[in-house]
Structure formats: structure tokens, C-alpha cells
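*Asks:* Mind looking over this structure? Questions follow.
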Amino acid sequence: MAALTCPLGPHVLGVRDVEGHVGHCCSACGGAWLPGSFLATIGQSRNFSAQRFAEMLRTLPARHTQLPCPQGCGELFCSEVKGVALDWCPACGGVWFDRGEVARLLAQYPRLAQAKKGGDGPDLSDVADIADALFSLLDIF
């Protein structure tokens, strides 16, 4: 697979953790590209269906962005999802998140209930929610 390039400039995207999910990130602008198959992993920890999300993107009003798909499919479209303007590719199903948009979108999808670690340990979902809040405040991604 050829190196993916940021749709906002000539920078090569590196593979990194994006809010607990693998994505292709731009060190220059802080944006992240999540291929369609990567979006499915969000459903492992949150009340999120990649299939329903993709269907929603296809049915929402969209405008051409003139931004290229990092995977070379063509031009990205932009739609507003739960108050977040997302650039997405109708061909491959990938989504471009500007800096901070991953955290804002994930905040709209509650975490799945997780078992407590041991009997007396903290609830792991509480720890994850605190981490989500910190990422949102710091606007890391």
C-alpha cells in the first residue's frame, strides 16, 4: 500500500492511536484518516455501528469539498453528523477528521458497559470516560 497523504497538504500520514482506535494521522495539522474498515472497531467499545454510520453519511445532505481522498478514490464529500462536519469518501467509506473531531464525535456515542476489573477495582468505563474528557479538553486529535 502506498503512503497516504493528508488531504489538506503534502504531508504523509503516519499510523497512530486516535482516541483508542488506529488511524492515519497528520503530524502537521493534527487530522486523522479512518478508513471505513477502521471505523468498525469503534463498535467494539461504544454504542456505534459503522454500517449505520455509513448509511447515515450517504443519506445526509453533502457538498463536494475539493479535498482528495487519502486512498486516492477521488474527492471527499462533507456532511454534518451530530454537530461535527466530517469529510468522507463515498467510494471507500473512509472519514477525515480535523483536529479534535474524533473526540467530539465519540462523545456522541456512549461507551458500552464494561465489567469491573476485579471486584474492588475501578470501573474501566469511568476511566475511559475521564480519558475521553481529557482528550477533548486538550484537543489532541
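*Asks:* Just need a number here: residues in region 33-54 that are assigned to a strand (DSSP E or B) and either farther than 19 Å from TRP88 by Cα or free of Cβ contacts under 8 Å to residues at least 40 places away in the same chain (or both). Break it down into steps so the answer makes sense when it comes.
*Replies:* From region 33-54, those assigned to a strand (DSSP E or B) are 33-34, 46; that's our starting set.
Imposing the further condition that a residue be either farther than 19 Å from TRP88 by Cα or free of Cβ contacts under 8 Å to residues at least 40 places away in the same chain (or both) reduces the set to 46.
Result for region 33-54: 1.
*Asks:* Right, another one. So which of SER125, SER45 is at pLDDT below 75 and of a type in the set (Ser, Thr, Tyr)?
*Replies:* The unique qualifying residue is SER125.
*Asks:* Next question, about the same structure. Read through the list (1) in a strand (DSSP E or B); (2) without any contact (Cβ under 8 Å) to a residue 60 or more places away in the chain, then give the number of the only condition that ARG58 fails.
*Replies:* (1)
*Asks:* Checking the condition more than 16 Å from VAL102 (Cα to Cα), part of a loop (DSSP other than H, G, I, E, B) and modelled with pLDDT of 85 or more, which residue from GLY30, GLY9 passes?
*Replies:* Values: GLY30 fails: more than 16 Å from VAL102 (Cα to Cα).
Of the residues listed, the single one that is more than 16 Å from VAL102 (Cα to Cα), part of a loop (DSSP other than H, G, I, E, B) and modelled with pLDDT of 85 or more is GLY9.
*Asks:* Can you name the number of the only condition in (1) at negative phi; (2) in contact with a Cys (Cβ under 9 Å, 6 or more places away or on another chain) that ALA113 fails?
*Replies:* The number of the failed condition is (2).
A quick yes/no check of all residues on (1) crowded, with 20+ Cβ neighbours inside 10 Å; (2) in contact with a Pro (Cβ under 6 Å, 6 or more places away or on another chain); (3) among the acidic types (Asp, Glu):
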site: PRO10; (1), (2), (3): no, no, no
site: LEU39; (1), (2), (3): yes, no, no
site: ASN47; (1), (2), (3): no, yes, no
site: GLU55; (1), (2), (3): no, no, yes
site: PRO68; (1), (2), (3): no, yes, no
site: GLU80; (1), (2), (3): no, no, yes
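*Asks:* Condition test on ARG16, is it assigned to a helix (DSSP H, G or I) and among the charged types (D, E, K, R)?
*Replies:* No: the conditions fail for ARG16.
*Asks:* Would a scan of region 61-81 turn up a residue that is at pLDDT below 90 and either in contact with a Gly (Cβ under 7 Å, 6 or more places away or on another chain) or in a loop (DSSP other than H, G, I, E, B) (or both)? Talk me through it step by step, then tell me what you get.
*Replies:* Of all residues in region 61-81, those at pLDDT below 90 come to 81.
Applying the additional criterion that residues be either in contact with a Gly (Cβ under 7 Å, 6 or more places away or on another chain) or in a loop (DSSP other than H, G, I, E, B) (or both) yields none.
No - not one qualifying residue is present in region 61-81.
The values are calculated or read from the model by the stated rules, or taken from the named source; none is laboratory data. The model shown is predicted, which means the values in this text are computed figures rather than measured ones. Cβ sites come from the backbone with ideal geometry, for glycine too, and all protein chains shown count toward neighbours.
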